[in-house]
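Take a look at the following structure, please.
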Amino acid sequence: MLCNFIRLPVLAIATLFLSSSVKAGLSDCPKNLAFQLTNIFQFGDIKSPYGNCEADSDGSGYSSGIANFNTASGDTWDVIQAYHELTNVEDAFSKYDKVLAERAESGSGSVVGLENFCDVWTGLALDAKFISAQGTVYDSLYFTPSQNSADKLGLKHSVSQAVFYDTAVSRGAGSGKTSLGGIIKETSKKVTSDKTGDSESNLSINGYSIDEIEWLKLFLDVRAKYDTHGKANINSFKYIIENGKFDWVDTLDVLNNKGEVGDITCANSFNPLDINPNQN
Ligand SMILES: *[C@@H]1O[C@H](CO)[C@@H](O)[C@H](O)[C@H]1NC(C)=O
């Protein structure tokens, strides 16, 4: 199902700062649009699959939720702990705690002791606290690091911030050669002179001044080399850039995975962070 989703080991050991909230980068409507756009690439739908749960195809135990969290890498256990913090009581997952903690520690994909785990997971798909717990872990693995990188570089436009978010989801937010950090580095090496453009935002790279969107186009070209599973998202971002939609408000024309034009709007809200865990 997740044709573009590439899980990198670095994600599994990402340190979680569950209580930190980020002010950097995308917020509100543009963030909502960025989530919908990346969901189209990952799942063929603007919605996040909160209730999805199945045996992991690579033998990593159960794979579930909005990021295909899995029991062997330990991010499933991170979600369950975040959920326990919100429920504050014994909840439907408590009986799995010992086993989940042990599998996260050992990295084992065994599902012994996790009988009916997927039934419990899917049964909570509409639970606001469970949605919030998934969103919290998802943010700490992908969204927050991507927006911190965008801020550090000085990116101002929604489209650039969304490309960083999408890259973190598809390729990992770490510093490996084919992850977000490595692609930023490789892109900036290509900047060897000043370059103007019409985005009204300049980046300072290697002592040169380069228009933000000109830099972003270089970034997408570098990323395209590594996206061997398909380039639907790169093509859609290029389409958005060609349309001059650098800053996003309300409605955005995008390409679907077949290259057909469609629009997404902020009225379709599937941003996990929009859901207040206290409104259950
Ligand atoms: C960006 O750099 C160009 C060339 O140096 C300059 O003309 C332009 O005013 C700069 N734009 C901004 C918004 O700083």
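The values are calculated or read from the model by the stated rules, or taken from the named source; none is laboratory data. The model shown is predicted, which means the values in this text are computed figures rather than measured ones. Positions of Cβ are backbone-derived with ideal geometry, glycine not excepted, and every protein chain shown enters the neighbour counts. Just the protein is used for accessible areas: all its heavy atoms, side chains included, with ligands, DNA and RNA removed. Shrake-Rupley method; radii C 1.70, N 1.55, O 1.52, S 1.80 Å.
If you scan the stretch 11-33, which residues turn out to be out of contact with any Gly (no Cβ under 9 Å at 6 or more places or on another chain) and modelled with pLDDT of 85 or more?
26, 29, 30, 32, 33
Within the stretch 197-220, track down each residue that is part of a strand (DSSP E or B) and either near the ligand (Cβ under 10 Å from one of its atoms) or over 15 Å from residue 186 (Cβ atoms) (or both).
202, 203, 204, 208, 209, 210, 211
Is there a residue in the stretch 154-169 that is more than 20 Å from residue 240 (Cα to Cα), away from the ligand (no atom under 15 Å from the Cβ), at pLDDT below 95 and within 10 Å of the chain's Cα centre (by Cα)?
No, that holds for no residue.
Which one of the conditions (1) under 17 Å from residue 147 (Cβ atoms); (2) open to solvent by less than 50 Å² (accessible area, probe 1.4 Å); (3) within 16 Å of the ligand (Cβ to nearest atom) does residue 183 fail to meet, given that it meets all the rest?
For residue 183, the failing item is (3).
Pick out the one residue from 82, 125 that is part of a helix (DSSP H, G or I) and in contact (Cβ under 8 Å) with a residue 12 or more places away in the chain.
82
Of the residues that sit in the stretch 105-123 and are among the aliphatic types (A, V, I, L, M) and open to solvent by 30 Å² or more (accessible area, probe 1.4 Å), which one is nearest to residue 80 (Cα to Cα)?
So the residue we want is 111.
Counting only residues that are assigned to a helix (DSSP H, G or I) and either in contact with a strand residue (DSSP E or B) (Cβ under 7 Å, 6 or more places away or on another chain) or open to solvent by less than 20 Å² (accessible area, probe 1.4 Å) (or both), how many does the stretch 146-160 have? Quick ask: steps written out before the conclusion?
Residues of the stretch 146-160 that are assigned to a helix (DSSP H, G or I), as a first pass: 146-153, 158-160.
Subset that is either in contact with a strand residue (DSSP E or B) (Cβ under 7 Å, 6 or more places away or on another chain) or open to solvent by less than 20 Å² (accessible area, probe 1.4 Å) (or both): 146-147, 150, 153, 158-160.
Of the residues in that region, 7 qualify.
Kindly list the number of the only condition in (1) open to solvent by 10 Å² or more (accessible area, probe 1.4 Å); (2) out of contact with any Phe, Trp or Tyr (no Cβ under 7 Å at 6 or more places or on another chain); (3) aliphatic (A, V, I, L, M) that fails for residue 173.
Of everything listed in (1) open to solvent by 10 Å² or more (accessible area, probe 1.4 Å); (2) out of contact with any Phe, Trp or Tyr (no Cβ under 7 Å at 6 or more places or on another chain); (3) aliphatic (A, V, I, L, M), residue 173 misses just condition (2).
Let me ask you something else. Residue 231 fails exactly one of the following numbered conditions: (1) open to solvent by 80 Å² or more (accessible area, probe 1.4 Å); (2) under 18 Å from residue 150 (Cα atoms); (3) away from the ligand (no atom under 15 Å from the Cβ). What is the number of that condition?
For residue 231, the exception is condition (2).
Let me confirm something: among 143, 164, 130, which residue is under 29 Å from residue 65 (Cβ atoms), in contact (Cβ under 8 Å) with a residue 12 or more places away in the chain, assigned to a helix (DSSP H, G or I) and in contact with a Ser or Thr (Cβ under 6 Å, 6 or more places away or on another chain)?
None of the others qualify; the one that does is 164.
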